[in-house]
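Data first, discussion second: the structure below is written as structure tokens.
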Amino acid sequence: MGYLFKSIPLVNHHVAKYMSSLKKIGTLCFLLPLIMSFLISNHGLKAQISFDLQGTGATDFKATSDGNTLLYIAQKLTSSNLVAISPGDGIPRLLNPVNSIGSDVENFAISPDETQVAYVLSTRVGVNTTYELMLVDINGGSPVSLMTATDGPIEHVEFTPDGNTLVFQDGRVSNVPQGMIITFDLATIPVSGGTPTQICQTLTGALSARAYELSNDGSRLVYIVGEGIGGTSELYSVPVTGGAAVKLGPEPGTSFDVTNPFSLSDDGNQVVFIAANSGRRSLYSVPTAGGSVVQLSTAIPIGGIGIGAYKISADNNHVVYTADQNTPFLRELFSTPITGGTPVLLSPASATVSVDDFSIDGTSNKVVYELGSHFFSQESNLFSVPINGGAPVMLNPTLTPDNLVGFALGENSNMVAYHTTSQVFLVPIDGGAAPVELTSGPRTGTSIFSIHSSPDGSNVAFVRNVGSSPFTQQISLTSTSTGRVKESPAHSHPAPGGGFNHFTPINNVQFFSNDALLYTENNRSVLTGGNLFVLAPGLTSATLDSPTQMSLTYSETVQTNGGNPTDFIVTDAIGNTFAVTGQADGTAGDDQIVLTVADVSSAIGNLVITYTNNNNEISLLSNGDPVGTDATGVSIERAFITTWAVANGGDGITIPTLPN
């Protein structure tokens, strides 16, 4: 089948290009039904909301720009549905009527103003499947069909920036002697509904619009036309409003084959793409509206592979790429103007190991790269270099006997986080200060599996194993300004033993804003499904100011919305409850709430404070959102005996013990 499986990113669709393109970063195309997913917001790991997905998996996560609504496709064995959940209440809501057996939500998009959701509904009856495009309010309601159902699949739905039009790949089903093939055209439809308008040139036979990108201003579509596996591919551009398609590459008479993905610069002026000739991959640039194709990389020597990876700088002026264009199989790092010029070597010319990974900072001034590969038992080190060339600066000290494994650089950060096999460090991008260790807890038997930075670098997350088993993992989330560390629960998965039991517990870690992190947990069998957890801002600690007053600290600045303190519950170690009679802001604009409670002098053991959001009494100062229920709560450690006296030297002291 000529079916296009378009990857959908696990990120907020409105976060401004903090990774070179949302369509080309860490993605989740398919998850088994054993997936659990988590949303962590600003270290609020104490407030946990969960619900049973009842035998389903969850895929295609997207969030609104304020992080208040998370949408995903909930998959069952016989159907799938579109679900939204808000961290404030943790209550999932279906955005489509419950699908019957054979009906599925295929993919969806959020409108630019975040008020509507467009999704594809497929309905299978016997051997026949029909598809239609639906529109629904993001808060729920009755979905509206925008078009007559068609027998061709609909893929990669996207709103234009003005929110008035939907762009999508419109499938065509063709019968050929070898069987049935599915190919795609590009089409648009108004959000008010109607008949789809084909906007690419007429494609017949096995020709298909295999992938497309919409320019940021919504004026043009750039797409690849190809004949499926083994066929050559060409690059085209067309106005979204329709008109003549312009061929962008390759040049006439060449045998080049354009590969996917390609990239549009953020200003929409240039398209950067890789094309292969005789098995060697070179890098090219062409104006989006058409013009001369410019080769950005130099000729690849015989025996070489060519371009490895490339990224466009945020200012749209440079393309940084790796290639073995000097020595076959030795991957070096280069920078070149996006409109063409002489490539500048950024990595050391004398290096005998390849560049393994690289990132461009948000100012487009610096490039950070890893030289050497831990996975191939090479000595690895981290460097920073000006994007126009210059002397590289080594950012890490000599790592012996440990080794550099990976790094993360936020789009708007001037700090680089990197990890060895067992430690995590933070260092300025210019190397102006020594690295600071972020790793918390004992390192014995601990391995760091991956590292991630928020766009502004304010938070760093890393996945580590718990104890000596790689099948028990947790995420540590560290504030780079305060050093505060929060950790998720430990997630375990059985050791390899056949079937699906070889998966690691935590996968697909992704920041989708500065203070919100999404990850998936995988620790169940296919038959039992999983749960979805939302971890929202919440309590982090509490102190006892006096027998009748305690101060609660939150992960964010908070405020009280009223005088009803009954959402708080205070209990001791044997279940005695102490009434909460008052609540107040500690200091206006801070992260504390002060509670007035019944005298706790008689309490046994530690005090536990939990919060149930029945009345929206506590909200975030930043946006007014209510703080969610925290059924786990925080505790105040107390001594059983604070003072005692011995009347006679022979008197003993009996210390009471708590019941089990």
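State to the nearest 20 debye the size of the charge dipole of region 532-610 about its Cα centre, where the only charges are +1 on K and R beta carbons and -1 on D and E beta carbons.
Computed charge dipole of region 532-610: roughly 160 debye.
Amide H of T540: which non-local residues (sequence gap of 5 or more, or other chain) have their own amide H closer than 5 Å, using H built in the peptide plane?
T553, Y554, S555
Per-residue counts of other Cβ atoms within 10 Å, averaged by peptide: what ranking do you get for 570-577, 219-226, highest first?
219-226, 570-577
For region 125-140, in order, what is each residue's ³J(HN,Hα) by Karplus, 6.51 cos²θ - 1.76 cosθ + 1.60 with θ = phi - 60°, in whole Hz (x at glycine and Pro)?
My calculation for region 125-140 gives 10, x, 9, 9, 10, 10, 9, 8, 9, 10, 10, 9, 5, 5, 8, x Hz in order.
For F511, enumerate residues with amide H under 5 Å from its amide H, sequence gap 5+ or separate chain, H modeled in the peptide plane.
When sequence neighbours closer than 5 places are left aside, the close amide H contacts are L518.
Keeping the other protein chains in place, figure out the carbon and sulfur percent of the accessible area of region 319-384, with a 1.4 Å probe.
C and S atoms contribute 53 percent here.
Work out from phi, with θ = phi - 60° and the Karplus expression 6.51 cos²θ - 1.76 cosθ + 1.60, the ³J(HN,Hα) of each residue of region 220-225, listed in order in whole Hz, and give x for Gly and Pro.
Rounded to whole hertz, the list is 9, 10, 10, 8, 9, 10.
Whole-Hz ³J(HN,Hα) for each residue in region 318-331, computed from phi via Karplus 6.51 cos²θ - 1.76 cosθ + 1.60 with θ = phi - 60°, x for glycine and proline: what do you get?
10, 10, 10, 8, 10, 6, 9, 7, 10, 10, x, 6, 9, 7
Of all the accessible heavy-atom surface of region 257-313, with the other protein chains kept in place and a 1.4 Å probe, what percent is carbon and sulfur?
On region 257-313, the fraction of accessible area on carbon and sulfur atoms equals 52 percent.
Please state, to two decimals, what the Cα-based radius of gyration of region 272-366 comes to when divided by 2.2 N^0.38 Å (N = residues).
1.05
So who's got an amide H within less than 5 Å of the one on L404, skipping anything under 5 residues away but keeping other chains? H placed 1.01 Å off N, in plane.
Result for L404 returns S380.
The values are calculated or read from the model by the stated rules, or taken from the named source; none is laboratory data. Being a predicted model, the structure only gives us computed values, none of them experimental. Please note: Cβ atoms are built from the backbone with ideal geometry, for glycine as well, and neighbour counts cover all protein chains shown. For the accessible areas, the whole protein counts, side chains as well, though only heavy atoms, and no ligand, DNA or RNA atoms are used. Shrake-Rupley method; radii C 1.70, N 1.55, O 1.52, S 1.80 Å.
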